[in-house]
Amino acid sequence: MNCQVFCSTFWNNLFESGYPEINFIKPGQSVPNVLGVYRIGWFYNGDEIKSTNHKNNFRLQPMQKTATDILGLDFTEIKPKLNLDNSIKREKIISIGIHGTAQTKYWNNPEGWQKITDHFISLGYEVVILSKEGHDYMGNKHPVGAKKANTSSIEEVIQYMQKSALFIGIGSGLSWLSWATQTPTVLISGFSYNYTEPTNGVIRINSEDGKCSGCFNDFRLDPGDWNWCPVHKGTERHFECTKSITAEKVISEIEKSGILNQYEINNEYRI
C-alpha cells in the first residue's frame, strides 16, 4: 500500500535524520484522514496482559518484539538510526549508569560500583556517572572518585557515550541508549532474563547460578513499590539476584571480552 507513515515520540530529534521517509510529529498533534493507528506499549487488564493488544506474552520475549508484534512485522533485533556525531573519538573514559526507576533494577551489591570505579581509575581511566539522579538518590550513593557528568540534555549524554571507551549500566534506559550509540556496553542485570534487553554487541552480566532471577519476566512490576521484589521481599534473599554479582566478575568479563585492549591499540572501535 502506498501511504504516508507518521510517528509520534518524545525524542523526535534523535530519529528524524535517520528516517527521512517517516513524518515525525509531536505527541498530541493530530493528523487528518488516518487509516490506522498503532500504539506501542505494554497493556494490561488489571494484572492480566490485554490480549486484544498483544498476541504474545511480552514478558517472555525481547522487549523490542513488543513493537513488531503490534505492527505485525517479523522480529529482528536492530539498533535505531540515531542522529550521531561520527567525528567524536573515544577517550580514556568509563561511563556508568547506576540509577533506575526501581531498586530491583539496581546493582544491589554494596561494594560493586566502588570497586569498579577504583579498578578503572587505577588503570588511568576517568569514571563518569551519566545518570541524572543525584548522590544518595533513594539511598543509592555514588562511588567515591567517579565524576558526575555535567549534562543538561540527552544529546550531551549521547556525546559522552560516544567518547567513552566503555559504558557500564543496569537494565535501564541508559544501557539501551548506549547500545544504540554503538558504544561498547556492559549490562548488569539480575531482575530480567538475557533475552529481555539487547543481546548483540552487549557484554551481559547475570546473577550467580542458583540465585533467584528474572522476576521482571515472571511478574508484573509494581511501580508504586520502590523495593519491589515479588519472591523474597522482607527476607535475607531480598535482591539477591544482583547482590550476588561481584565487581570481580564484572571486571573479569570485561577483560575476557578484550574490548578495552582494542581501545588501547587504536582508540577507535565498534561492537
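Bear in mind that the values in this text are calculations on the coordinates, not laboratory data. Values in this document were obtained by computation on a predicted structure and should not be read as measured data. Methodologically, a virtual Cβ is constructed for each residue, glycine included, from the backbone with ideal geometry; neighbour enumeration extends over all protein chains shown.
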Original post:
If you take the Cα Rg of the chain and divide it by 2.2 N^0.38 Å, with N the number of residues, what do you get?
Top reply: 1.06
Subject >> Whole-number percent relative contact order across the chain, with pairs defined as alpha carbons under 8 Å at least 6 apart >> reply: 19 percent
Original post:
Residues with beta-carbon under 15 Å from that of Glu155, excluding Glu155: net charge, scoring Lys, Arg +1 and Asp, Glu -1?
Top reply: -1
Subject >> Label point distance in nm, Thr199-Asn12, each placed 7 Å from Cα along Cα→Cβ >> reply: 3.5 nm
Original post:
Helix-derived [θ] at 222 nm for the chain: sum -39500 (n - 2.57) over DSSP H runs of at least 4, divide by residue count, nearest 500?
Top reply: -6000 deg cm²/dmol
Original post:
Simple spin-label model, 7 Å along Cα-to-Cβ: Lys26 to Thr76 in nm?
Top reply: 3.6 nm
Original post:
Would you list Phe6, Phe239 from fewest to most Cβ contacts within 10 Å?
Top reply: Phe6, Phe239
Subject >> For Val128, residues with placed amide H under 5 Å, excluding near neighbours >> reply: Ile94, Ser95, Ile96, Lys147
**OP:** Normalising by the residue count of segment 1-148, find the relative contact order in percent from Cα pairs under 8 Å and 6+ residues apart.
**Re:** 17 percent
Original post:
Tell me, what is a quarter of the convex hull surface for the C-alpha atoms of segment 6-71, in nm² with one decimal?
Top reply: 5.8 nm²
Original post:
Which is farthest toward the positive dipole end of the chain among Tyr137, Cys7, Val31, measuring Cα position about the Cα centre, with Cβ charges +1 (Lys, Arg) and -1 (Asp, Glu)?
Top reply: Val31
Original post:
Which of Lys148/Lys243; Lys26/Lys79; Lys211/Lys249 have a Cα-Cα distance over 18 Å?
Top reply: Lys148/Lys243; Lys26/Lys79
**OP:** Determine the dipole magnitude for segment 6-71: charges of +1 sit on the beta-carbon of Lys and Arg, -1 on that of Asp and Glu, nothing else is charged, the reference point is the Cα centre, and the result goes in debye to the nearest 20.
**Re:** 100 debye
**OP:** Please work out the Cα center distance from segment 192-216 to segment 1-55, rounded to the nearest Å.
**Re:** 29 Å
Subject >> Rounded Å value of the spacing that divides the Cα centres of segment 121-190 and segment 74-100 >> reply: 11 Å
Original post:
Just for the chain, what percent of DSSP beta bridges are antiparallel, to the closest 5?
Top reply: 10 percent
